[in-house]
Amino acid sequence: NPYGGLVSHLRASWLSGKTRPMEYRVAQLEALGRFLDDKKEEILEATELDMGKPSFEAFFSEILLCKNELNVTLNNLSQWMKDEHVDKNLVMQLDSAFIRKDPYGVVLIIAPWNYPIHLFLVPLIGAIAAGNCAIIKPSEISKNTERLIAETLSCYLDNDCFAVVTGGVPETTRLLENKFDYIFFTGSPPVGRIVMTAAAKHLTPVTLELGGKNPCYVSDTCDVTNVARRVAWGRFFNAGQTCIAPDYLLCTIEMQEKLMPALRQAIAEFFGPNPRESPDFGRIVNDKHFRRLRALLGSGRVALGGQTDEAERYIAPTVLADVQPSDPAMQEEIFGPILPIVVIANMDEAIDFINARPRPLALYAFSCDSKIVNQVLERTSSGGFCGNDTLMHLTLTSLPFGGIGNSGLGKYHGKFTFDTFSHHRGCLHRNMGLETLNNPRYPPYTQQKLGLLTTTFEVKRRGTCTLL
């Protein structure tokens, strides 16, 4: 295997204990901070070349949010690393019972192309913080960013413990044949199944950050202008190439009619009369994805936008009205600047529509009535939820981010990333003396011993008090 030697080299480094001291982890994390600072302009340039990403969006998503993750980790690492002491029974009051946060070992991080810096760096921050060695596999689709990572990251990190592997499907397939101690994958559900199958051969645990069709319910009681602005921003940010973007709207026919002029106004306000000329609207990452998206424009009717230019890989911010559940745009995650609207009769029908489909990575609900937002939250299931906005739950390092069911497995961000890359090792350290305390558990067994054992080990339910 072409990567066997690399994996073995990293495993030897990990076994040497090099990555375990907090000082080492902090030094490597601070080096990532220097990478972001030193390479800021190159990151903005590479993402602009790869998908026309506006520098504002690139700075916010690829640099600022990563720096936040890094600083939260550096600010809290010493606390996160501490043993977590737990409750004990009567027999073990003089002993030590605790949870040790151990690194897994050598981990593999496979990143996608849509946020090519953010989606490799945030998992890597947690992997380093937890004391692991890591191999990073950036996406070959965002080729300029891949080249930047491959050529420069090794100048900042310890090359005995961290490595970048480049290439496409054949290289990734060979890489996955190796035994890793943890695999973190971000991508599509079909590829996620391939990764999980490869991991199963070695019984390797995985985190799968996948995608799906994120529903957005808009109730009849809402501020239409604010809904349009927040939905348009979430849908058309990064030209719609965001795994948590609202994938389709669910609303009544009356709300659809109200939303159209509001969405038209929001799009014009954001991107001007011709979004193609706007410096704030991106492009589709490659020709294959452009053609796939263009084919979806036949769903329903084009109410807003719809213009395309294959030479530029440009697709205008587009809203499709009266889309049917059987239309092509409703059969796959869109991952582009197209927003279908599916008409439903009421909230109950919207909830039934959502629950009849695979559980999404994100779910959105808009209403001026908080009871309606809470109803959608309580009666559905999704990786994450955001009421009266889009995407913003992603920006909080205090919230876990991850999917459920078809949209993924596991969670990260902030302390959740550290926990994901840590084995929580249950530990009990007993006193060598006081052997008489252990006598009730030893043969020969008697009823008296059983009584003593029950008294010292039994957990009783707390009393409940009902106020009449």
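Solvent-accessible area of the stretch 272-353 (1.4 angstrom probe, protein heavy atoms only): carbon and sulfur portion equals 46 percent. Which angle between 0 and 90 degrees, to the nearest 10, do you get for helix 65-81 versus the longest principal axis of the chain when only C-alpha atoms count? On a 0 to 90 degree scale, this one is about 10.
Just list whichever of LYS88/LYS449; LYS137/LYS411; LYS179/LYS411; LYS67/LYS288; LYS143/LYS411; LYS18/LYS137 have alpha carbons separated by over 25 Å in the model shown.
Details: LYS88/LYS449 20 Å; LYS137/LYS411 19 Å; LYS179/LYS411 22 Å; LYS67/LYS288 33 Å; LYS143/LYS411 27 Å; LYS18/LYS137 22 Å.
Cα-Cα > 25 Å for LYS67/LYS288; LYS143/LYS411; rest within.
In the chain, a dipole from Cβ-located charges (positive for Lys and Arg, negative for Asp and Glu) runs towards its positive end, and of VAL86, SER16, VAL195 it is VAL86 whose Cα lies farthest in that direction.
Given a cut-off of 39 Å, what percent of all Cα-Cα pairs of the chain lie beyond it? Walk me through the numbers on the way to the answer.
Details: 35399 of 109278 pairs.
Summing the P(r) tail past 39 Å for the chain gives 32 percent.
Considering only ASN439, LEU428, GLY405, the residue lying farthest towards the positive end of the dipole of the stretch 400-468 is GLY405, judged by Cα position with unit charges set on Cβ.
Take 235-246, 349-360 and order them by the average number of nearby Cβ atoms within 10 Å per residue, most first; the result is 235-246, 349-360. Note on SER13: accessible area is roughly 10 Å² with a 1.4 Å probe, heavy atoms of protein only. The spacing between the stretch 291-336 and the stretch 8-29, judged by their C-alpha centroids, is 48 Å.
Computed from the C-beta positions of GLU171 and LEU428 and an R0 of 45 Å, the FRET efficiency is 0.55 to the nearest 0.05. Based on C-alpha pairs under 8 angstrom that are at least 6 apart in sequence, the chain has a relative contact order of 19 percent.
How high is the relative contact order of the stretch 215-406, given as a whole-number percent (alpha carbon pairs under 8 Å, six or more residues apart)? Relative contact order comes out at 27 percent.
For the stretch 215-406, the share of alpha carbon pairs falling in successive 10 Å distance bins from zero is 9, 39, 38, 13, 1 percent. Here the ratio of the Cα radius of gyration of the stretch 90-238 to 2.2 N^0.38 Å is 1.36. The dipole here belongs to the stretch 215-406: it is taken about the Cα centre, uses +1 on the Cβ of Lys and Arg and -1 on the Cβ of Asp and Glu, and is about 420 debye.
What the Cβ-Cβ distance of LYS288 and GLU84 gives, at R0 = 45 Å and to the nearest 0.05, is a FRET efficiency of 0.40.
The values are calculated or read from the model by the stated rules, or taken from the named source; none is laboratory data. Here the structure is a predicted model, which is why all the values come from computation and not from measurement. Neighbour counts run over all protein chains shown; Cβ positions are idealised from the backbone, glycine included. SASA here: full protein model, heavy atoms, side chains in, ligands and nucleic acids out. Shrake-Rupley method; radii C 1.70, N 1.55, O 1.52, S 1.80 Å.
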